[in-house]
Amino acid sequence: MTASTPEPLLALSNVNTFYGQAQVHFDLSITVARGHIVCLLGGNASGKSTTMKIILGLVKPRSGDVTFDGASLVGLTTPQIVRRGIASVPEARRLFADMSVRENILMGAFVRNDREAIAQDLDKMLTLFPKLGQRLSQRAGSLSGGEQQMVAMARALMSRPRMVVMDEPTMGLSPLYVDRVLELIRTINQEGVSVFMVEQNASLALEIAHEAYVLQTGKIVLSGSARTLKDDPRIRDAYLGGAEAA
Amino acid sequence: MSSWLDYTINGLIVGNVYALVAVGLALIFGVSRLINFAQGSIYLVGAYIGWVAVVQLHTPLPLTIIVVAVAAAIVGLIIERFGLRPLQNSVRIAPLLATIGISFVLDQLVMLTFSPNPRALPSQLPDVRFQVGGGTIGPLDLLIAGVGLTSALLLFVFLRYSKLGWAVRATAQDRDAAMQMGVDVNRVNQAVFGIAAALGGVSGLLVGMYYNQIDTAMSLQATLKGVVAEVVGGAGNVPGAVIGSLLLGLVESYGVAVFGTSYRNLFAFLLLVVVLVLRPNGLFASARQAPPEPLTGTFIAPSRPVRIPRWALAVAAAIFAILPLFPVSFYVLQTLINAWLLGMLALSLTLVAGTIGQVSLGHAALLAIGAYTSALLSLTLNVPVGLAIIGGGLMSAALGTLLISPSFRLRGHYVSIATLAIGEIVSLVILNWESVTRGPIGISGIPPLSLFGTELISPTSIYWFSFAVMVVLALLQGRLLTSHLGRSFRAIRDDDIAARAYGLSLNRYKSLAFIFGGFAAGVSGGIAAHLYSYINHETFNTQQSILALTVVILGGLGNVVGAMLGAVALVGLPEVFRIAAEYRILIYGIVLLLLVRFRPQGLLGTI
């Protein structure tokens, strides 16, 4: 890294991950610059979700380093990593189905103890996600997929994170909600939160991302700014229906 | 006590006591998907700490309750920290087995400290009864109801309004997601074990006062009742556990009213089996979730079995075969005969638990069926003993498979609970079906072993006979494992959904495994009956089921040679070291704990 580039917020360097005998990541290196939206693209079984788990400490890499704000996360537990300022929107939302929407959102503030500020942030979430206002006392499991995604995002923001990691935030949503979610990610980002998201839907992700990486069977095969990747023929072939065009 | 109101009051009071145990089990199951078989032991510890407080320290009642709650909570915290936390990344079966081991150790420690004789636990309350409608109620009833309600209220407030309570609920619903919110699940586990243990301990104290007597047999009973109540209410469902407990208390109380005291437990276990068959997620579970069990494959520790060359096995068999020709003591032969009988049971269990993955905790029932069948055939129908034993094996195979078949649709932990209940049911039916089984008197004067008209009386001949039977069963089982059938069994164990997708009928293969295993266990029980000449409903008890499981795990699940080796080791070694009988169970518990922690695949590895 040259002296002119500022230190990234999150950096994975030469990460190798194994499930038993099977290697999932091969010398994986990814950086997320402060204030950026970075997107990890890849097909099924490419190791995308495992990358999320590595960042969150749910899976331990066999070698390599993960640093956040200059300090290594390797060896920390998930709760410790969350306290460093990383919040997550897990794959398929993973809400606490039998708890109310209000309880779910407040669970996001579990690492905080400033009651009044938490209450203010809850109000702020309701302006950001106005639909949730009427749903607060409803069981989270009874919401539609799109509404659940809103709850999951509100929950992640409640910890006042410096970075949010999202695993396929648009998966299984109706087109209307997909647009809404992408817009919200942009809004969140504009308020200074960095975003690292894993996506299968490349065209959508590249619309909002600053940088992107393409992961194939555990190796980064392509990376760069979202703008250049959008025009890259390899991306078009692989993800944007290039085969049809040809 | 006579009126229906009395039976209702009694049912609700007993239900309250069960609720204190069951709520703890539900909390623990909720956050760690574990059925804590040590819960009854904490209840036992609570009762004895209460006894020390009341009888020796003369503490006033409120202080007694606090002392018991705090001491029991400390025991719970120790169990969580040193017994279970090290197993966090272990296979799914490990914590379950660890709680069984812990319960053996705790029960035995209490027994060694306080002797197995029952002790009186005075209630510290005036012995008066008030007329209420057509029934009566005493101060102790009110105390139990009060403690039950207070605990429920405190628990509700804790779960609803405290931060840790929120963490408990979130962890129960989605452990990974809770961690991603910053919840430290170790602290949650700790909290839950502490609360569960405090409630369990107080429950033991109250029960002791209610019946004015405590003894070490309370432990297993409490675990069983708590598990029944919890599963009836829906595993992991805290309010469900309370309602399940009250329901259980009422069912038992009315059952006793109609049929008599010896039917109490029968009703409890029948309720459990009915619920497991009809609504395995409990009466109050919403239909939306699948049972939170993993595939059976992840339930058993995978490993590479130790390869033993055939010649070595042949040599070992030959040495044991010619052993009686040398001047060995009667005592050694006796010990080894016991080992061979246990070996047959272990062969049966290793097939069922190891090869096809149905971890049975009620295997002693198969012994009992075989023993009673063989004894009755030879006594009442004058069937030659050799044939009677085979009859016992066949009866165990048929009846055992039939009884267990309702649990074929269950997985993981639920299989263990169902088999445990079915084992208890068999023992209770034997106790109550007096016209056939002679009830509590048992069967005496069972003819000795004989083969083709020759009685086998000398230890040498009994030794050869039992050893030969075991070897034949082992060879058959070894043949079975290398066949197509054995492969199908293992396929079902490793991934029952995939096995089903490839057209394997789970019911058929599970039946076949239980038929084969039932036969081996039944033969073992049959031989034992003729060897002991007297049996009753307690001859083959849960302790034996657990011992067999320990043997199987020691040898390596599914491992035929391991089952026999495990039997010789667990029966033989305590004899070699002349360990007193009362320390043996303690040692079995410790062996189980050490195995689970350091060598879950057993000595020879799982197959």
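Nothing in this text is a laboratory measurement; each read-out follows from the coordinates by a stated rule. Because the structure is a prediction, the values reported are computed rather than measured. As a convention, Cβ positions derive from the backbone with ideal geometry for all residues, glycine included, and neighbour counts pool all protein chains shown.
Observations, loosely collected:
- Kirkwood Rh in Å, taken over segment B:324-467 so that all alpha-carbon pairs contribute: 16.7
- Estimated translational D of chain A in µm²/s (Stokes, Kirkwood radius over Cα pairs; 25 °C; 0.890 mPa s): 132
- The Cα center of segment B:440-457 and the Cα center of segment B:139-174 differ in position by 56 Å.
- Separation between Cα centres of segment B:477-539 and segment A:63-101, rounded to whole Å: 46
- Student exercise, chain B dipole from Lys, Arg, Asp, Glu Cβ charges, in Debye to nearest 20: 1520
- The fraction of all Cα pairs in segment B:4-278 landing in successive 5 Å bins from 0 to the largest distance is 1, 6, 12, 18, 19, 17, 13, 7, 4, 1, 0, 0, given as whole percents.
- C-alpha long axis of helix B:185-211 to longest principal axis of chain B, angle in °: 90
- Zero-based 10 Å bins, Cα pair distances in segment A:73-120, whole percents: 21, 47, 29, 3
- Placing +1 on each Lys and Arg Cβ and -1 on each Asp and Glu Cβ, with no other charges, gives chain A a dipole about its Cα centre of roughly 500 debye.
- Fraction of beta bridges assigned by DSSP in chain A that are antiparallel (%, nearest 5): 50
- Reported to the nearest whole Å, the Cα centre-to-centre distance from segment B:313-363 to segment A:114-170 is 62.
- Karplus-derived 3J(HN,Hα), 6.51/-1.76/1.60, for each residue of segment B:561-567, Hz, glycine and proline x: 5, x, 4, 6, 4, x, 5
- Based on DSSP H segments of at least four residues, each scored -39500 (n - 2.57), chain A has a per-residue ellipticity at 222 nm of -10000 deg cm²/dmol.
- In terms of its C-alpha gyration tensor, segment A:98-160 comes out prolate, because a/c is 1.5 or above and the ratio a/b outweighs b/c.
- Near residue B:451, the amide H atoms lying under 5 Å from its own belong to B:456; only residues 5 or more places off or on other chains count, and H is placed 1.01 Å from N.
- Shielding score for B:181-191, defined as the mean number of other chain Cβ atoms within 10 Å: 5
- Residue-averaged beta-carbon neighbours from other chains (10 angstrom radius) around B:163-174: 4
- Pairs of Cα atoms farther than 37 Å apart, segment B:296-598, %: 11
- Over all other residues within a Cβ to Cβ distance under 10 Å of residue A:166, the charged ones net out to -4, with Lys and Arg as +1 and Asp and Glu as -1.
- Close amide H pairs (under 5 Å, H built 1.01 Å from N) link residue A:9 with A:32, A:33, A:34, residues at least 5 positions away or on another chain.
- 20 °C / 1.002 mPa s Stokes-Einstein diffusion coefficient of segment A:24-156, Kirkwood radius on C-alpha pairs, µm²/s: 130
- Neighbours of residue B:208, meaning other residues whose beta-carbon lies under 13 angstrom from its beta-carbon, give a summed charge of 0 when Lys and Arg score +1 and Asp and Glu score -1.
- Stokes-Einstein, applied to the Kirkwood radius of chain B over Cα pairs at a viscosity of 0.692 mPa s and 37 °C, places its translational diffusion at 132 µm² s⁻¹.
- Helix axis angle, A:175-190 relative to chain A longest principal axis, alpha carbon, degrees: 90
- Rounded to the nearest whole Hz, the Karplus-based 3J(HN,Hα) values (6.51 cos²θ - 1.76 cosθ + 1.60, θ = phi - 60°) of segment B:266-274 follow the sequence 4, 5, 4, 6, 5, 4, 4, 5, 4, with x at glycine and proline.
- For segment B:5-22, 3J(HN,Hα) per residue [Karplus equation, 6.51 cos²θ - 1.76 cosθ + 1.60, θ = phi - 60°, Hz, x = Gly/Pro]: 5, 4, 5, 5, 4, 4, x, 5, 5, 4, x, 4, 5, 4, 4, 4, 6, 5
- Summarised as an ellipsoid, segment B:398-468 has semi-axes of 33, 20, 10 Å, derived from the eigenvalues of the Cα gyration tensor scaled by 5 and square-rooted, with the largest first.
- Point-charge dipole on Cβ atoms (K/R +1, D/E -1) for segment B:296-598, about Cα centre, debye to 20: 920
- Peptide A:75-86 has a mean of 3 when you count, residue by residue, the C-beta atoms of other protein chains within 10 Å of its C-beta.
- Against chain A, whose longest principal axis comes from its Cα atoms, helix A:145-157 is set at around 90 degrees.
- Segment B:329-406 - convex hull of alpha carbons, volume per residue in Å³: 105
- Amide H to amide H, with H built 1.01 Å from N, residue A:216 comes under 5 Å of A:221, counting only residues 5 or more places away or on other chains.
- 15 Å beta-carbon shell around residue B:76, net charge (K/R +1, D/E -1): +2
- Shape of segment A:123-194 from the C-alpha gyration tensor: oblate (a/c of 1.5 or more and a/b not above b/c, with a ≥ b ≥ c the square roots of its eigenvalues).
- Beta bridge orientation in the protein assembly as shown: antiparallel %, DSSP, nearest 5: 60
- Cα extents for the protein assembly as shown along the principal axes, largest to smallest and rounded to whole angstrom: 95, 76, 44.
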